[in-house]
Amino acid sequence: MFSRSLFAAAFLATTALADPPLTTIQDVLYKADGTRFAGTLTISWTSFEAVDRSAITTQVTTVTVVDGNLRVQLVPTTTATPPANYVVKYNSDGRIQFSESWAVPSSTVPLRVRDVRIASSLSPAAAGADTGTTTPVQESDVTGLVADLGARPLKGPGYAAGRVAVVNPTGMMESAVGNASDCVHVDGSSGPCGGSQPGFYDGDSPSGIVDGANTNFTLSGVPSPASSLAVYRNGVLQKSTQDYILNGSTIQFVAANTPQPGDTLLASYRLAASDDSAAAQTFPASQVLCSGTGNLNASTSFVSLGQCNIAGGVLLPGDRVEIHFDADHQGTAGGFSLEVHWGGTAALHRDAAAGDLQVTGRADAAILNSGAYLSAESWGTVLPFAAAVANAPDDYSAGLTVDFQGKVGAASDTVTLRNYTVVRLP
């Protein structure tokens, strides 16, 4: 009787100390681009009783996946009481990528993820597929998010949409206050904008007959101050009171310095801000908008070889833009083609033969109140001279791009934009 009782006690003690059965899940995980997954799997579960009556408490464990290799041992849940599942969150690149549920059966051989995955898994944002509930991702769970949020500017009490943003003394974003016509100062305050600025004329041609007898010539505006006037006769600067006398907008040359037939007169001067007798020229002289060397292309499709981006507000009605370019061809396997685009309009297109080594060309854009008239001409080593005109409806008020494009007929050849210049003439 004593021996039987001792055996029973030993059996119960052995059973109580035995570990619950485990199933091994072993697999290689990949990303959609074919690279191996690297990160961690956070596996959580609620309390259940295993098939051997072991009490499994609610817990979370983390498994590290290196170079796609996953190996973890879990207590089977398909025979658990009550039925239970594992919630698995895949973490990579500092955030939770997605989550799914596992139902683990008893097995003496390793199983793959597909063998335990529940087909009706939750969406990537879900946190618990077994209950259908979701758990929000904490800011601290995302690497660097708390620091990034702390560094972002905050809205101040004076923030309003649709107005200029300023930074208040506490570092918060607020909106500038004032009238729509006011200017904002660097300290965030606003007030009336400054008055009109003085204008100027460069290269003004005084009106009057140059016949060797006439000494009076009229300027387009009134120089202000008078000392700002610089008069050139055949490129030589004239001296006030010795060579001429200024009276308002009239230049009177002294008799000994009377302009002779064939002479060229030019004048430059400033205008008073209140002088409305003549409109000041925003850009009184020629202006090089872009110039440089371009790129080469060995493709049989058109590729940009160089661009000139003209900012909004630069071009005005009445202006003219001159476009010059030089390109050359390397190889003899085929010909090549060149195009010059004014915004979305092709101002020039030429197809050259294999024997053409160099091609040069120019295009003009006459700026209208809306759009522009285009004219172009080009020629090459063999390429004959050709000219063309076009109407370009492209809106230039917000800016416009002049694009030089080229392609070759054979991939073994190349076409190169050697030089381009875009000049604005007022």
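General observations
- Scanning residues 5 or more positions from L348 or on other chains, those with amide H under 5 Å from its amide H are V340, with H placed 1.01 Å from N in the peptide plane.
- Rolling a 1.4 Å probe across all protein chains gives E174 an accessible area of roughly 40 Å².
- Aspartates and glutamates with Cα under 20 Å of K31, excluding same-chain neighbours fewer than 8 positions away: D67, D93, E100, D115
- Accessible-area rank, largest first, for S240, S227, S54: S227, S240, S54, with all protein chains present and a 1.4 angstrom probe.
- Solvent-accessible area per residue in the chain equals 56 Å², computed with a 1.4 angstrom probe and all protein chains kept.
- Phi-based couplings in Hz for segment 173-179 (Karplus 6.51, -1.76, 1.60; Gly and Pro marked x): 7, 10, 10, 5, 10, x, 7
- The listed residues R53, R362 rank as R53, R362 when sorted by accessible area, largest first, using a 1.4 Å probe.
- Built amide H within the under 5 Å cut-off of I310, gap 5+: L400, T401, V402
- Structure-derived log10 I(q)/I(0) by the Debye sum over Cα atoms at q = 0.06, 0.07 Å⁻¹: which label, when the choices are (1) -0.63, -0.75; (2) -0.24, -0.32; (3) -0.27, -0.37: (1)
- Rolled with a 1.4 Å probe across the full set of protein chains, the surface gives T300 an accessible area near 80 Å².
- From phi via Karplus (6.51, -1.76, 1.60), per-residue ³J(HN,Hα) for segment 105-118 in Hz, x at Gly/Pro: x, 6, 7, 8, 10, x, 10, 8, 4, 4, 6, 10, 6, 8
- Solvent-accessible area assigned to carbon and sulfur over the chain amounts to 55 percent, based on a 1.4 Å probe.
- Extent along principal axes [Cα atoms of segment 351-426; Å; largest to smallest]: 44, 23, 20
- T241-S412 FRET efficiency (beta carbon distance; Förster radius 56 Å; 0.05 resolution): 0.20
- Normalised convex hull volume, segment 200-254, alpha-carbon set, Å³ per residue: 80 Å³
- Over segment 287-343, the fraction of Cα-Cα pairs per 5 Å bin, rounded to whole percents and listed from the shortest bin up, is 4, 12, 26, 21, 14, 11, 7, 4, 2, 0.
- Helix content alone sets the calculated 222 nm mean residue ellipticity of the chain: runs of n ≥ 4 DSSP H residues at -39500 (n - 2.57) each, divided across all residues, give -2000 deg cm²/dmol.
- K31 sits with roughly 80 Å² accessible to a 1.4 Å probe, with DNA, RNA and ligands left out of the calculation.
- Dipole magnitude (debye, nearest 20) for segment 282-367, charges at Cβ of Lys, Arg, Asp, Glu: 120 debye
The values are calculated or read from the model by the stated rules, or taken from the named source; none is laboratory data. This structure is a prediction, so every number in the text was calculated from the model and none was measured. Counting neighbours? That spans all protein chains shown, and the Cβs are built from the backbone with ideal geometry, glycine included. Surface accessibility is based on the protein's heavy atoms, side chains included, excluding ligands, DNA and RNA. Shrake-Rupley method; radii C 1.70, N 1.55, O 1.52, S 1.80 Å.
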